[in-house]
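Q: If you scroll down you'll find the structure; I have some questions about it.
The values are calculated or read from the model by the stated rules, or taken from the named source; none is laboratory data. The shown structure was predicted, so the numbers you read here are calculated from the model rather than taken from an experiment. Don't worry about glycine lacking a Cβ; one is built from the backbone with ideal geometry, like all the others, and counts go over all protein chains shown. We work out accessible area using only protein heavy atoms, side chains counted, and drop any ligands, DNA or RNA first. Shrake-Rupley method; radii C 1.70, N 1.55, O 1.52, S 1.80 Å.
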Amino acid sequence: MAISTDKIRARWTASNIITRLITVNVLLFIIIRLGDIICNFASADQAWWLQIWAMPSDMANLAIRPWTPILYMFAQFDVLHLLFNMLWLYGFGTIMLQMSTPRQVFGLYIYGGLGGAAAFLAGMTLTGLDPAPLIGSSASVMCIVAAIATTAPQMPVRMFIIGEVKILWVAIAALLLFTVCGDPSNTGGQLAHIGGAATGFIYGLLLRRGHDITAPFNHAADWVVTRIRHPFRGSRPAFPKVKPFKGQRRKASSDTQKEQPPKKSTSISREDQDELDSILDKIKLSGYTALSAEEKRRLFEVSQRIK
């Protein structure tokens with residue numbers, strides 16, 4: 001049974017930011033693998049297809065493919081790589097979502113990927129090692145893990161078999177697993193993991209001091225979305241307003257002046273103000289019935305002038 005576009009849109013709207021990030025990662029994984037299979041059958045260059053999604057390790061190729069620092073953090077090529085990253089993203093992303101807003105989680109995901117890309121590019125530029133491109137969401141995931149560990153290091157997390165562990169130790173173990181115990185040939189990936197974790201650590205420290213570094217990104221994203229949805233908002237109207245004839249304008253102005261009653265002056269003299277205060281004080285002490293006929297008349301006259 002086919003799923004309508006409205007149902008897909010409704011499910012997307014009802015989902016949280018973690019589900020959306022996982023969905024995007026899975027869809028891009030399917031697209032990348034299908035493209036790789038097509039290139040294989042067509043005897044085309046598979047490396048060219050992968051270069052569209054992966055971030056290069058040198059500035060020359062990066063200038064040719066400037067979109068890759070954003071796109072690489074949503075793309076995976078290996079099945080186990082995707083599964084491992086999405087499990088970590090779901091587990092720790094859900095915890096992060098309980099501590100912050102969806103906008104902060106999304107901004108942190110982007111910041112972590114950019115931090116990992118910067119560390120990868122800097123390391124490859126300085127050392128010249130590992131010319132392989134960078135692909136995967138590991139840096140973004142490590143950023144979220146490090147941010148949680150820095151913001152709430154004593155938070156207990158129940159791990160499979162082990163039991164309840166403080167999230168700080170889980171973050172340290174994850175960093176060691178992604179870097180020290182990782183593939184020695186994947187130096188670029190390990191640098192990206194360190195860059196993502198460092199970004200999350202900085203975010204947590206600044207957030208504890210009351211500074212949210214994801215706010216500028218979210219403001220910029222709001223501006224871009226507003227420009228896309230309402231491209232002419234704030235611009236001059238497409239059709240100029242038709243000005244009325246001068247005779248009609250003067251007549252309308254004259255009619256308006258006739259219909260409007262003259263404004264009453266709201267200013268009263270100092271003597272009237274003192275007299276009013278005295279009458280109000282008497283009402284406060286003895287009630288309105290204690291006023292004489294003259295005092296009631298004066299109260300009515302003064303109150304009419306200050307309306």
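Q: If you stretched the chain out fully between VAL165 and LEU27, how much longer would it get, using 0.36 nm times the residue separation minus the C-alpha to C-alpha distance?
A: Details: separation 138, 0.36 × 138 = 49.68 nm, distance 3.33 nm.
Extending this stretch completely gives an extra 46.4 nm.
Q: Follow-up question, since we're still on this one. For a quick protection proxy, order the peptides 84-93, 294-303, 8-17, 25-34 by their average other-Cβ count within 10 Å, most packed first.
A: Ranked by mean Cβ neighbours within 10 Å, highest first: 84-93, 25-34, 294-303, 8-17.
Q: Testing the spin-label approximation: label points 7 Å from Cα along Cα→Cβ at ALA60 and GLN98. State their distance in nm.
A: 5.1
Q: Got a sec to turn the phi values of the range 20-37 into Karplus ³J(HN,Hα) couplings, 6.51 cos²θ - 1.76 cosθ + 1.60 with θ = phi - 60°, whole Hz, x for Gly and Pro?
A: For the range 20-37, the Karplus-derived couplings read 5, 5, 5, 4, 5, 4, 5, 5, 5, 4, 5, 5, 5, 5, 5, x, 5, 5 Hz, x marking Gly and Pro.
Q: Label PHE300 and ASP281 with points 7 Å out from Cα along Cα→Cβ: what is the distance between them in nm?
A: Between PHE300 and ASP281, the simple spin-label model gives 2.5 nm.
Q: If amide H atoms are built 1.01 Å from N in the plane of the peptide, which residues on other chains or at least 5 residues away come under 5 Å of the amide H of LYS166?
A: Amide H neighbours of LYS166: VAL157.
Q: With the crude spin-label approximation of a point 7 Å out along Cα→Cβ, what separation in nm comes out for LEU129 versus VAL225?
A: 4.1
Q: Give me the percent relative contact order of the range 43-160, please, defined on Cα pairs under 8 angstrom at least 6 residues apart.
A: Computed value for the range 43-160: 38 percent relative contact order.
Q: Now for a different question. Please list, in chain and number order, the residues 5+ apart from LEU291 or on another chain whose amide H is under 5 Å from its amide H, with Hs placed from the backbone.
A: none
Q: Please list 3J(HN,Hα) in residue order for the range 197-209, calculated via the Karplus relation 6.51 cos²θ - 1.76 cosθ + 1.60 where θ = phi - 60°; whole Hz, with x for glycine and proline.
A: With coefficients 6.51, -1.76 and 1.60, one gets 5, 5, 4, x, 5, 5, 4, x, 5, 5, 5, 5, 9 Hz.
Q: Something else now. Hey, what do the phi angles of the range 94-102 turn into as Karplus ³J(HN,Hα) couplings, whole Hz, using 6.51/-1.76/1.60 and θ = phi - 60°, x for Gly and Pro?
A: Those phi angles translate into 5, 5, 4, 5, 6, 9, 8, 8, x Hz.
Q: Another question, then. Could you provide, to the nearest whole Å², the per residue accessible area of the range 1-134 with probe 1.4 Å?
A: Per residue, the range 1-134 has 56 Å² of solvent-accessible surface.
Q: Report, to the nearest whole %, how much of the accessible area of the range 68-147 belongs to carbon and sulfur atoms, 1.4 Å probe, protein only.
A: 77
Q: Let me ask something else. What are the residues whose amide H is under 5 Å from the amide H of LEU134, where those residues sit 5 or more places off or on another chain and H is modelled from the backbone?
A: Here MET55 satisfy the definition.
Q: Right, next: Quick one: the Cα spread of the range 56-101 along its three principal axes, in angstroms, biggest first?
A: So the three principal-axis extents are 41, 27, 12 Å.
Q: Another question, if that's okay. Give the peptides 160-173, 47-60, 116-129 in descending order of average Cβ contacts within 10 Å, highest first.
A: Working: 160-173: 13.6, 47-60: 16.0, 116-129: 18.3.
The peptides rank, most packed first, as 116-129, 47-60, 160-173.
Q: Report the FRET efficiency, 1/(1 + (r/R0)^6), for LEU71 and ALA173, where r is their Cβ-Cβ distance and R0 is 25 Å, rounded to 0.05.
A: For LEU71 and ALA173, the calculated efficiency is 0.25.
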